[in-house]
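Data block below; observations after.
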Amino acid sequence: MRRLLAILAMLALAGCAGGPPERTDNLCRVFEQQPSWYDYARASEERWGTPIAVQMAFVRQESSFRHDARPPRQWLLGFIPWRRPTTAYGYAQAQNPVWGEYLDDRGGLFSRRTHMKYALDFIGWYNNNTHQRLGISKRNARHLYLAYHEGHTGYRRGHWQNDPRLQRTAARVESTARTYRAQLQECESRFQCRHFWEFGPFCDA
């Protein structure tokens, strides 16, 4: 039993150990440092349709690739630690209610917001819902992010149109996704088919 618990603990921690990559402005360098993240992003793209570059641009914006990222804590009277403004947590900064919806839909006893595999799958799942409900292309990083930040109802209401700061953030996500896409074209072959079981007709690199 102890051995089983130890194995499960190691699996739960895999993908979230260590600090963020040294160069978050270069997706090739990110994947060189964390090659398993490429596998997770590729699996999410194949399942849900959001391109790898868009997924990773979301993570960079939301958490700067920190697995335990949270919104800054508020302070009462300027010096008493108080609650945080939202329940956002992990690589994708998923909040409790929508993370609960994801778990109900996808299942997964060991799904964690602090694990890149599930964070990227969550982003793909959410963007797929955005596409179905709002008709936004899965390659439109700017508007996908606006819907991600505001929620589907908030996006429909259009308050983001009068929020210059949020629009600048969405434009930054779009720019990062564009840069990441160009970088990935130069290095993706290094991360495809690197496992011993990926060969011949079983490898689609």
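Read the figures in this text as sums done on the coordinates, not as results from a lab. Note that the structure is a prediction, hence the values are computed from the model and not measured. As a convention, Cβ positions derive from the backbone with ideal geometry for all residues, glycine included, and neighbour counts pool all protein chains shown.
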Rg/Rh for the range 29-188 to two decimals, with Rh computed the Kirkwood way over all alpha-carbon pairs. 0.97
Need the full-extension length gain, S64 to A182, defined as separation in residues times 0.36 nm minus the C-alpha distance. One decimal, nm. 40.5 nm
Ordering of 183-192, 56-65, 154-163 by burial proxy (mean other Cβ atoms within 10 Å per residue, highest first): 56-65, 183-192, 154-163
For P35, what charge total do you get from the other residues with a beta carbon under 12 Å from its beta carbon, if Lys and Arg give +1 and Asp and Glu give -1? +1
